[in-house]
Amino acid sequence: MKRNDIENMALEMRRKILDISFECGHSTHIGGALSMVEVMSVLYGQVLKFDPSNPRWPDRDRFILSKGHGVLGYYPALLMAGIISEEIFSTFLQDGTDLIAHPVMNMDLGIESSNGSLGQGLSMAVGIALAAKKQNKDYKTYTLISDGGANEGSIWEAAMLAAHLKLGNLTMIVDYNRMQNDGSGKDIIDVENMSERFKAFGWHIIDVDGHDVDQILDALQDGSEVDTPKAIIAHTVKGKGVPFMENQKDWHHNRLTKVNYDLALETLGKESEAVSAT
Amino acid sequence: MMEINPRNARQWARLGPRGFFGMALLDVAENKPEILAMSADLGSSSGLERFKAACPDQFINAGIAEQNMIGVAAGLAKEGFNVFATSFSPFIGIRAGEQVRMNLGYMHMNVKAVAIGAGINMGFLGNSHFGLEDLSLMRAIPGMTIVSPADCGEVLKTVQAAADFEGPMYIRLTGDGTCAPVYTEDYDFEIGKSVRLREGSDVTIIACGSMVKESLKAADQLAEQGMDATVINMHTVKPLDTAIIERAIQETPAIVTVEEHSIIGGLGSCVAEYMAPLQKRVPHLSIGLPDEYIKTGSYRYMLGQEGLVGDAITDKITDFLKG
């Protein structure tokens, strides 16, 4: 994909997030989904190796959504990658659906793991990356964690082991939006200096603007360290793209009314014009 | 390949199930590269030093980080490995309990969580290291298979079976080097199928782990008093061999369960829960550890204090049967 296509994919993902949030009729984790859109569009639009017609393809790259509440940034990416259908996507949060508010492992739908309990996905990603080394497989393992999720001690247990095992085939992206359920991280538990923290744990660090697809792509494609796990610290804005949601704790998990939905779409419309003009 | 015979049984018993486990796993895993062993910095405490030396590519030390160990084990299992993840009972079954729930329960990953030193056999290390509540927690996790081997020979049988078993399992090792073997000859072992060790018509004793041997001792003493006991080795706590409970209700007027675990939520609870809705029931005495953190001492001292030795089990059963 070209840069413009990835940006358009990101824009379309935002529209899908708003549509499905409104249509499902429930509160959704919308703020943290909007902050991860560019990262997911670069991953599923450009970087990840997969076969949409065979989600179990053994040589596919693995992606684990450690920030499990970020499904609204995940299901639209799977939809736009052609792995899940519109029909499946439209069942989000409908009774009996496979697409609930946290991922449920379903290899037919390209969902690699069940998540929702924060701080656990990185451990599984470490195991998968280690398996690839033991089995001499070329696939890469990616995981997306949240800075709030990094409050969990298990993230740091996993970070220590990944560096010790020299898992250069593992990439972690931190959705560093500095917000969590109860508000700003600085008012709850300090999440500043995220890069230095992971650097001290022995990771190869790349800081990026988490809404700049070029920077994300460059960081994901950086191959300068082969024996060191990579942490891409994606500096993001929670609620990105919808001004009344940006950095607002009320939009961590909330229900989109018709008025707010229309207002949000109007904002995206303006952004859409800006993207096509570039 | 190792075999159970009188000489081996005697030698293994000196190591105890915890020390012997690594030998058994090495015997099973050699030439099976899909089997991995993980330890949370307790390799030497679980007899895994030799395993590590013989199969370095199949051993992973996760450091003192049990929660991560379970998640890493699940990632490895997802890619086709059969992972035996080991630590002391409270650290793997309780500290990492939610990781066990997510990865072994919810995702049903092919990981064998091995609790070394369950029950009270960590002795003077104290209640911080005891596995008093683990059965209660682990058996409530849907899809979990739970095995509590009676002696070292059965540790070998369990590890052999687990190597061919697809799915999550909690293996609970009780007993130590002071415990005499239950098995000195080979026997048929099948996950989910209990073993009848002794036939009697006055009471059925259903035991697991270290308490199988003590129950056999009790049965000998009961026989001296003219009472014949059936003794069942319920090595698989989940799924429970319910057919044997039905048979016990038909054939004996009482059931006694004996376990090195809290009386809340373990084997006794399994049997009671199964029996409660049945039309025909028999009185049931549940023998186990009390609902408290006990005063610590050596393993044999504590077993004596808590009445988990042959003599005390005999007395409790005699009183119970008198009504």
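The values are calculated or read from the model by the stated rules, or taken from the named source; none is laboratory data. Just so it is clear, the model here is predicted, and its values are computed rather than measured. Heads up, the Cβs are rebuilt from the backbone with ideal geometry, glycines too, and the neighbour counts pull from every protein chain shown.
One line per residue, one yes/no per condition, for (1) modelled with pLDDT of 95 or more; (2) touching a Leu at 6+ places or on another chain (Cβ under 9 Å); (3) surrounded by fewer than 21 Cβ atoms within 10 Å (Cβ to Cβ); (4) in a loop (DSSP other than H, G, I, E, B):
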residue	(1), (2), (3), (4)
A:202	yes, no, yes, yes
A:215	yes, no, yes, no
A:220	yes, yes, no, no
A:223	no, no, yes, yes
A:234	yes, yes, no, no
A:237	yes, yes, yes, yes
A:246	yes, yes, yes, yes
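Residues that are surrounded by 20 or more Cβ atoms within 10 Å (Cβ to Cβ), more than 10 Å from chain B (Cβ to nearest Cβ) and out of contact with any strand residue (DSSP E or B) (no Cβ under 7 Å at 6 or more places or on another chain) within segment A:93-117 comprise A:99, A:110, A:111, listed in sequence order.
Residue B:32 fulfils the conditions (1) without any contact (Cβ under 8 Å) to a residue 40 or more places away in the chain; (2) under 16 Å from residue B:160 (Cα atoms) except for a single criterion, (1). The condition (being in contact with a Pro (Cβ under 6 Å, 6 or more places away or on another chain) and within 12 Å of chain B (Cβ to nearest Cβ)) is satisfied by just one residue among A:68, A:82: A:68. Residue A:137 fulfils the conditions (1) within 13 Å of chain B (Cβ to nearest Cβ); (2) more than 27 Å from residue A:195 (Cβ to Cβ); (3) surrounded by 24 or more Cβ atoms within 10 Å (Cβ to Cβ) except for a single criterion, (3).
Okay, residues lined up against (1) within 14 Å of chain A (Cβ to nearest Cβ); (2) more than 12 Å from the chain's Cα centre (by Cα):
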| site | (1), (2) |
| --- | --- |
| B:100 | yes, yes |
| B:107 | yes, yes |
| B:127 | no, yes |
| B:136 | no, yes |
| B:154 | no, no |
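Taken over segment A:49-69, the criterion of being within 24 Å of residue A:4 (Cα to Cα) and under 13 Å from the mean Cα position of the chain (by Cα) is satisfied by A:63 alone.
Just so you know, in segment A:199-258 the residues that are among the aromatic types (Phe, Trp, Tyr) and free of Cβ contacts under 8 Å to residues at least 60 places away in the same chain include one that is nearest to residue A:44 (Cα to Cα), and it is A:203.
Residue under question is residue B:148, and the condition is that it be in contact (Cβ under 8 Å) with a residue 24 or more places away in the chain and surrounded by fewer than 23 Cβ atoms within 10 Å (Cβ to Cβ); does it hold?
Values: in contact (Cβ under 8 Å) with a residue 24 or more places away in the chain: yes; surrounded by fewer than 23 Cβ atoms within 10 Å (Cβ to Cβ): no.
No, not satisfied.
Only a single item in (1) more than 11 Å from every other protein chain (Cβ to nearest Cβ); (2) not in a strand (DSSP E or B) is not met by residue A:123, and it is number (1). Looking across segment B:50-70 at every residue that is facing chain A (nearest Cβ under 9 Å) and within 23 Å of the chain's Cα centre (by Cα), the one that is nearest to residue A:153 (Cα to Cα) is identified as B:67.
On the given criteria, is residue B:123 closer than 24 Å to residue A:153 by Cβ and at pLDDT below 95?
For residue B:123, the condition - closer than 24 Å to residue A:153 by Cβ and at pLDDT below 95 - is not met.
For segment B:83-98, the set of residues classified as away from every other protein chain (no Cβ under 12 Å) and modelled with pLDDT of 95 or more consists of B:84, B:86, B:87, B:88, B:89, B:90, B:91, B:92, B:94, listed by residue number. Just to be sure before I move on: is residue B:162 in contact with a helix residue (DSSP H, G or I) (Cβ under 9 Å, 6 or more places away or on another chain), without any contact (Cβ under 8 Å) to a residue 24 or more places away in the chain, in a helix (DSSP H, G or I) and not basic (Lys, Arg) in the structure I sent? Judged against the criteria, residue B:162 is not a match.
A quick yes/no check of all residues on (1) without any contact (Cβ under 8 Å) to a residue 40 or more places away in the chain; (2) closer than 22 Å to residue B:176 by Cβ; (3) of a type in the set (S, T, N, Q):
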residue: B:41; (1), (2), (3): yes, yes, no
residue: B:44; (1), (2), (3): yes, yes, yes
residue: B:65; (1), (2), (3): yes, no, no
residue: B:90; (1), (2), (3): no, yes, no
residue: B:99; (1), (2), (3): yes, no, yes
residue: B:120; (1), (2), (3): no, yes, no
residue: B:123; (1), (2), (3): no, yes, no
